[in-house]
Amino acid sequence: MPKVEKDPTPESDGPEVILTDGENTTLEGDTGLNVGKAVKQQLDSLRRSGLTCLPKGTGQYDFSFDEPPPEIAPQKSPSRLPNQRETVAKSKIEESKSEYSSNLPQPLNPNTEPSRVDSTPTIAAKNKLASVQSKSVDLRPYATPLGLAERQTALQVLQEEVAGCVQCEELADSRNQTVFGVGNPNARLVFLGEGPGANEDRLGEPFVGEAGQLLDKIMGACKLTRSDVYILNTVKCRPPANRNPSQIELANCWGYAEKQLETLQPEFICCLGSVAARTLLKTTQSIGRLRRQFHSYRGSRVLVTYHPAYLLRTPSAKKHVWEDMQLLMKEMGVDLSN
Ligand code: URA
């Protein structure tokens with residue numbers, strides 16, 4: 001079990017990190033040939049973990065983020081035709097969907113998107129973007145909860161819909177498969193991650209790589225197993241080269257996670273990393289600001305913490321995650337003392 005250490009900077013936004021090229025050289029002082037590439041990789045990975053801005057001229061990261069996200073460039077709708085697997089999945093969905101979708105939010109069905117030839121966003125695309133960029137968190141109460149069998153069926157139907165999704169052309173073309181979510185449909189606690197990586201894309205299950213093994217350890221320290229919880233991602237396809245999902249990809253995909261959450265109606269949601277937290281809570285704040293307190297999403301209580309992939313790169317942040325998990329377990333009534 002992780003040791004609880006006192007946070008040396010309890011009021012800070014998060015751990016401070018010096019950006020180096022691997023030899024403890026700060027950005028400002030280095031003119032090496034590989035610096036551009038190294039910096040880009042470093043920035044990409046830090047951004048995935050919640051970093052959003054660099055203070056000018058210091059060479060140090062500031063983990064606070066109070067500015068709005070960058071403007072969204074309109075994207076073309078998918079132009080490729082669905083493959084056979086996707087077409088079969090779609091027709092299966094059509095058969096079974098009507099029975100189980102009555103008390104769920106309307107799906108973001110790619111079939112309802114008009115085909116496009118220019119780059120002007122359609123009204124549907126604009127609505128989806130507006131929904132993912134909305135200024136305020138969704139606090140509508142959940143609908144009447146479903147029984148276990150109904151939940152399982154609703155999730156199965158949705159999983160097939162997701163498997164046939166081609167809304168994001170690049171992701172649909174590059175994925176091996178969609179990664180829907182796993183776990184107990186009656187779970188009190190849902191973990192919300194960012195998006196599949198290479199291992200998840202290969203195996204079709206969230207958090208099965210190195211970050212997933214760390215998540216298993218975190219759960220173990222909380223006396224939880226995968227069968228106690230439900231694990232899902234904010235986007236269901238692997239962004240190529242593990243880049244961050246774009247705003248339009250988040251907008252296209254978020255409706256699926258919303259429907260999963262509507263079906264699961266968990267008491268607690270733990271957001272892993274800034275993509276999950278910002279998308280769910282409709283905020284631009286840093287993990288450092290969002291963690292250590294409960295937020296609300298619909299009927300669920302939401303705790304935000306660092307992403308396990310960030311912990312792999314920054315082990316010193318593990319103590320923060322352990323503090324967050326202790327807070328969550330206390331609230332859930334889980335006794336961690338023995
Ligand atoms: N990171 C995530 O956010 N999700 C996964 O499924 C794997 C790694």
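Please treat every number below as a calculation from the coordinates, not as lab data. In this text the structure is predicted, and so the values were computed from the model without any measurement. No Cβ is skipped: glycine too gets one built from the backbone with ideal geometry, and neighbour counts run over all protein chains shown.
Observations on the structure shown:
- Applying the criterion of being within 16 Å of the chain's Cα centre (by Cα) and farther than 19 Å from residue 190 by Cβ to the residues of region 200-219, the residue that is farthest from the ligand (Cβ to nearest atom) is 201.
- Given (1) over 26 Å from residue 311 (Cβ atoms); (2) of a type in the set (D, E, K, R); (3) not in a helix (DSSP H, G or I), index of the condition residue 126 fails: (3)
- Residue count for region 276-300 satisfying the condition of being under 15 Å from the mean Cα position of the chain (by Cα) and within 28 Å of residue 153 (Cα to Cα): 6.
- Filter result (within 12 Å of the ligand (Cβ to nearest atom), closer than 29 Å to residue 150 by Cβ and surrounded by fewer than 19 Cβ atoms within 10 Å (Cβ to Cβ)) within region 163-199: 182
Table: residues versus (1) in contact (Cβ under 8 Å) with a residue 12 or more places away in the chain; (2) hydroxyl-bearing (Ser, Thr, Tyr); (3) part of a helix (DSSP H, G or I); (4) surrounded by 16 or more Cβ atoms within 10 Å (Cβ to Cβ).
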{"site": "302", "(1), (2), (3), (4)": "yes, no, no, yes"}
{"site": "311", "(1), (2), (3), (4)": "yes, no, yes, yes"}
{"site": "316", "(1), (2), (3), (4)": "yes, yes, yes, no"}
{"site": "320", "(1), (2), (3), (4)": "yes, no, yes, yes"}
{"site": "328", "(1), (2), (3), (4)": "yes, no, yes, yes"}
{"site": "336", "(1), (2), (3), (4)": "yes, no, no, no"}
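- Within region 215-250, being over 16 Å from residue 192 (Cα atoms) and of a type in the set (Gly, Ala, Ser) holds for 220, 221, 241, 246.
- Within the set 314, 305, the sole residue that is within 14 Å of the ligand (Cβ to nearest atom) and of a type in the set (S, T, N, Q) turns out to be 305.
- Hits in region 225-280 - residues which are within 15 Å of the ligand (Cβ to nearest atom) and of a type in the set (Lys, Arg): 226, 236, 238, 243, 278
- Within region 281-302, tally of residues that are within 18 Å of residue 320 (Cα to Cα) and either within 13 Å of the ligand (Cβ to nearest atom) or of a type outside the set (Val, Ile, Thr) (or both): 10
- Condition check for residue 293 on (1) surrounded by fewer than 24 Cβ atoms within 10 Å (Cβ to Cβ); (2) in contact (Cβ under 8 Å) with a residue 24 or more places away in the chain; (3) within 20 Å of residue 136 (Cβ to Cβ): one failure, at (2).
- Of the numbered criteria (1) within 19 Å of residue 297 (Cβ to Cβ); (2) free of Cβ contacts under 8 Å to residues at least 60 places away in the same chain, the one residue 142 fails is (2).
- Scanning region 244-270 for residues that are farther than 19 Å from residue 166 by Cβ and of a type in the set (D, E, K, R) returns 258, 262, 267.
- Scan of region 239-267 for residues that are of a type in the set (Ser, Thr, Tyr) and buried (at least 22 other Cβ atoms within 10 Å of the Cβ), ordered by number: 256, 263
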